Amino acid sequence: MNASIAPQVLTQLSNHHLDALEEETIFILREVAATFERPALLFSGGKDSLVMLRCAEKAFGAGRLPYPLLMIDTGHNFPEVTDFRDLRAKELGAELIVRSVEDSMARGTVRLAHPGESRNVHQSVTLLEAIEEFRFDALIGGARRDEEKARAKERIFSHRDSFGQWQPKAQRPELWTLFNTRIAPGEHFRVFPISNWTELDVWQYIEREQIALPSIYYTHPREVVERRGLLVPVTLLTPPREGEEVVTRDVRFRTVGDITCTCPVESTAASAADIVIETLAADVSERGATRMDDKTSDASMEKRKKEGYF
């Protein structure tokens, strides 16, 4: 992105709506703190959870978060992200709880079909075990409705039954920001304060608030191979297949997750302002452009959510 172009476009791009989105998010974060006994904020170190964390700081004050941060670690996360996660939690003085899929594998509650299988889908098991261990009655997540069709069906306060499952036909009305948060023993809620944000809103807010992010969100050279229309990063976990050509491209990650299913996009965007400009021209959602786990079927996300996925 030409350094002289981005500022010109940004000055013409209104961000007044960000105040309303921020206000709504702060209201929901405070509502969770006031309503539930044992809530937690899901914190991966990714851009959406960092935006929520900034809103939480404004809602309660720096160093005064009323709930712990929870991370479900597959053991195959990008080190740049997990290192940033730990640093940010330490800066805030927040309690950070990390539970690992590898621990679930050791207990026998997660069994891989083969050693190379992605652990991403198995996070649901580890998450439900963490909910039972700490008796969480609400988990705050950074999912947005623009990401994927199943998430577009989600309520802001999304009820989960005693098995941790999502029943899309049993969701509760949310009229005039009045939320029905009654739960029976063993049930809980997933709460999504930034449901109404878009990817563009998130990047505009990051640019406005000058929120620090893991470095892989910005352009960097990386070895990749082209596979099924995606740029697959070449790592020990995702080696090139026979016949694939390894090339070095300038890329960035639009979303970050398990290494085995998260792909970058080609980009020279070196700042949040540059990414705002790129996002304005994007015609594929961030998950559609970067997630191999969403390519298995049109209903793959909905199926996972019914089984307890984030």
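Considering amide H positions built from the backbone, and no H for Pro or chain starts, which residues 5 or more places from A138, or on another chain, come under 5 Å of its amide H?
Counting only residues 5 or more places away or on other chains, the set is R38, A40, F189.
Given H placed 1.01 Å from N in the peptide plane, which residues other than close sequence neighbours of L70 have an amide H under 5 Å from its amide H?
Those qualifying (amide H under 5 Å, at least 5 residues apart or on another chain) are L41, L42, F43, I97.
Could you do me a favour and compute the accessible area per residue for the range 1-151, 1.4 Å probe, result in Å²?
Solvent-accessible surface per residue comes out at 47 Å².
Rounded to the nearest 500, what is the chain's calculated 222 nm mean residue ellipticity when only DSSP H runs of at least 4 contribute -39500 (n - 2.57) each, over all residues?
Counting only the DSSP helices, I get -10500 deg cm²/dmol.
Using a 1.4 Å probe, how large is the accessible area of R88, given in Å² and rounded to the nearest 10?
Counting only protein heavy atoms, R88 exposes about 40 Å² to solvent.
Helix hunt in the chain: which complete DSSP H runs extend at least 24 Å axially by C-alpha with mean Kyte-Doolittle at least -1.0?
Membrane-span-like by this rule: 17-35.
With the other protein chains left in place, how much accessible area per residue, in square angstrom, belongs to the range 190-265 at a 1.4 angstrom probe?
That works out to 40 Å² for each residue.
I want to check a number: in the chain, how many lysine pairs have alpha carbons closer than 24 Å, given a sequence separation of 8 or more or different chains?
23
Just to confirm the filter: which trypsin sites (Lys or Arg not before Pro) across the range 25-85 are DSSP coil and have at most 16 other Cβ within 10 angstrom of their Cβ?
For trypsin sites (Lys or Arg not before Pro) across the range 25-85 that sit outside H, G, I, E and B with at most 16 neighbouring Cβ atoms in 10 Å, the list reads R64.
Provide the percentage of antiparallel DSSP beta bridges, counting only those with both residues in the chain; round to the nearest 5. Let's see the in-between values first.
Working: 18 of 31 bridges.
Restricted to the chain, the bridges split so that about 60 percent are antiparallel.
What trypsin sites (Lys or Arg not before Pro) in the range 172-229 are in a loop by DSSP, with at most 10 other Cβ atoms within 10 Å of the Cβ? Write out the running numbers ahead of the final one.
On the way: sites: R182, R190, R208, R222, R227, R228; in loops: R182, R228.
Those satisfying the criteria are R182, R228.
In the range 158-204, carbon and sulfur make up what percent of the accessible area (probe 1.4 Å)?
Carbon and sulfur: 59 percent of the exposed surface of the range 158-204.
Take S124, S215 and sort them by solvent-accessible surface of the protein heavy atoms, 1.4 Å probe, largest at the top.
The residues order as S215, S124, largest area first.
The values are calculated or read from the model by the stated rules, or taken from the named source; none is laboratory data. Everything numeric here is computed off the predicted structure, so don't read it as measured data. Cβ sites come from the backbone with ideal geometry, for glycine too, and all protein chains shown count toward neighbours. For the accessible areas, the whole protein counts, side chains as well, though only heavy atoms, and no ligand, DNA or RNA atoms are used. Shrake-Rupley method; radii C 1.70, N 1.55, O 1.52, S 1.80 Å.
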